[in-house]
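None of the figures in this text is laboratory data; all of them are computed from the coordinates on show. Bear in mind the structure is a predicted one, so any value in this text is a computation, not a measurement. Note that we place each Cβ from the backbone using ideal geometry, even for glycine, and neighbour counts take in every protein chain shown.
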Amino acid sequence: MSELSEAYTSYVVPTYGRFDLDIESGAGCRVRDFSGREYLDFGAGIAVCSLGHSHPEVAAAVADQASRLVHCSNLYRTGPQAQLAKRLVEITGPGKAFFCNSGAEANEGLIKLARRFGSATGRHRILTFTNSFHGRTLACIAATGQDKVKKDFGPLPEGFAHLPFNDLEAVRAEADEKTIAILVEPIQGEGGIHPATPEFLRGLRELCDERDMLLFFDEVQCGLGRTGDWCGWRSIVEGVEPDGVSWAKGIANGFPLGSFWVSSKKFDERGPLCDLLGPGSHGTTYGGNPVCCAAALKVLEIIERDDLLAKSSELGNALAAALKSLASPLIGEVRHIGLMVGVELSPDFPKTERTPALEVVNRAMAAGLLVIPSGERVIRFLPPLNVDSREIDEAVQKFAAVLKGVSTAA
């Protein structure tokens, strides 16, 4: 056991099933452990480091802002928060943005918005979907469609129902007079890279319009460039616009920032939806602080300047095609949109002490490749948006060697 591992065991609450790796530094698409060994990082902090590790321009923007103002609370106005809100509205559509610290908090904000919107008519139920993931707060695990995150945390807040993903008829049947909103990931990330169908997203919008319900998109993992578009859902369908969107992860390249956007649409005499959460109704101490907003502004600037939306789509297609070309009997299916790539392992994967996903992830780490498990059988490839073709080739070669090693050992 390393000294760092001993310190974690002694002093850190054991809420994570950590891999046996101590990371000291990183640059671009690579990280290094304390012995100097290098790893190709195709997890990017679980889709967080959109521009890779230690990007010099992001570091410079953060240092510059930190030298002038780090925090002054949301009792006052700061330039970076206003500039970032404007940019997010330009990306998404007419409305306003709220800033917090994480994806769970962003989804909590949307849940509160739905409850307040429905309070005038006595509606509060929110429909979500099986295999979804919306965060670790009590409301967010109640919204999440996975039983494993709920175990031993009851009783949970009521008012959520989980329906089959991509099943529009099930949603229509469940939406009753108490239902106020639908919360959906356009691409389920933690669930294993499962995209919604165009027909499903279009149908949800139509249903919400028919019944004066709100449609929320959880883009915490798929948003802000990873799919090849600023808005992940637009990589799936055109002409469908939500009433609220949550973001976090890739927004600030690792600095703790979350946000939700709310449409300016007016539903009733209370005015625009984006003004429904008035003074005192919601808040955060650190959310939207100048340093995190400066980081996010630089991230969005570089993604646009370097044409990383188009490159994400192009390189995602190349990565998925290369993984499919391995034609390994251990691969059941490869799913992707942009640089969200999921490899589902075959039901014929050899039995080991660990789940198939953990077996492959641990073997890949030993081979110098970091990838992310999802459930028992899916491996996620979530590299930085500025990954290059040589790094993709290297990752696929390492992954192929890992699969060959599994087959040989079986």
Checklist entry - For Phe217, Phe99, Phe255, Phe160, what ranking results if the residue with the fewest other Cβ atoms within 10 Å of its Cβ goes first? => result Phe255, Phe160, Phe99, Phe217
Checklist entry - Relative to the Cα centre, what is the charge dipole magnitude of the chain, using +1 at the beta carbon of each Lys and Arg, -1 at the beta carbon of each Asp and Glu, and rounding to the nearest 20 debye? => result 480
Checklist outcome for this item: Residues meeting the amide H criterion for Ala175 (H placed from the backbone, H to H distance under 5 Å, 5 or more places apart or on another chain) are none
Item to check | Percentage relative contact order, the range 167-239, counting C-alpha pairs under 8 Å, at least six apart | outcome: 33
Next on the checklist: Given a 10 angstrom Cα cut-off, can you work out which residue in Gly271, Gly93, Gly145 is the most mobile in a GNM of the chain?
Outcome noted: Gly271
Checklist entry - Which of Ser35, Ser325 comes first, and how do the rest follow, when ranked by fewest Cβ neighbours within 10 Å? => result Ser35, Ser325
Next on the checklist: Strictly greater than 34 Å: what percent of every Cα pair in the range 57-305 meets that?
Outcome noted: 14
Checklist entry - Once Lys and Arg get +1 and Asp and Glu get -1 on their Cβ, which of Gly203, Phe117, Pro279 lies farthest toward the positive end of the dipole of the chain? => result Pro279
Checklist entry - Going through the range 311-373, which trypsin sites (Lys or Arg not before Pro) have at most 16 other Cβ atoms within 10 Å and a DSSP loop state? => result Lys351, Arg354
Checklist entry - Relative contact order for the chain using alpha-carbon pairs under 8 Å, separation at least 6, rounded to a whole percent? => result 21
Item to check | Sites excluded, GluC sites (Glu not before Pro) in DSSP loops with at most 16 other C-beta within 10 Å, longest stretch of the chain | outcome: 1-157
Checklist outcome for this item: Cβ density ranking, 10 Å radius, fewest first, applied to Ser235, Ser2 yields Ser2, Ser235
Checklist entry - Using the reciprocal of the averaged 1/r over all distinct C-alpha pairs, how large is the Kirkwood radius of the range 283-383 in Å? => result 15.8
Item to check | Degrees separating the helix 308-325 axis from the principal Cα axis of the chain, which is the longest one | outcome: 50
Item to check | Sorted peptide list for 277-286, 115-124, criterion being average Cβ within 10 angstrom, highest first | outcome: 115-124, 277-286
Checklist entry - Quick one: Cα centre-to-centre distance for the range 372-395 and the range 191-264, in angstrom? => result 22
Checklist outcome for this item: Against the 2.2 N^0.38 Å rule of thumb, the C-alpha Rg of the range 5-132 sits at a ratio of 1.45
Checklist outcome for this item: Which of Lys112/Lys178; Lys324/Lys398; Lys150/Lys398; Lys178/Lys265; Lys311/Lys351; Lys148/Lys324 exceed 26 Å between C-alpha atoms? The answer is Lys150/Lys398; Lys311/Lys351; Lys148/Lys324
Checklist entry - If you line up the long axis of helix 103-119 against the longest principal axis of the chain, both from Cα atoms, how many degrees apart are they, to the nearest 10? => result 20
Next on the checklist: Between 0 and 90 degrees, rounded to the nearest ten: what's the tilt of helix 290-305 against the longest Cα principal axis of the chain?
Outcome noted: 70
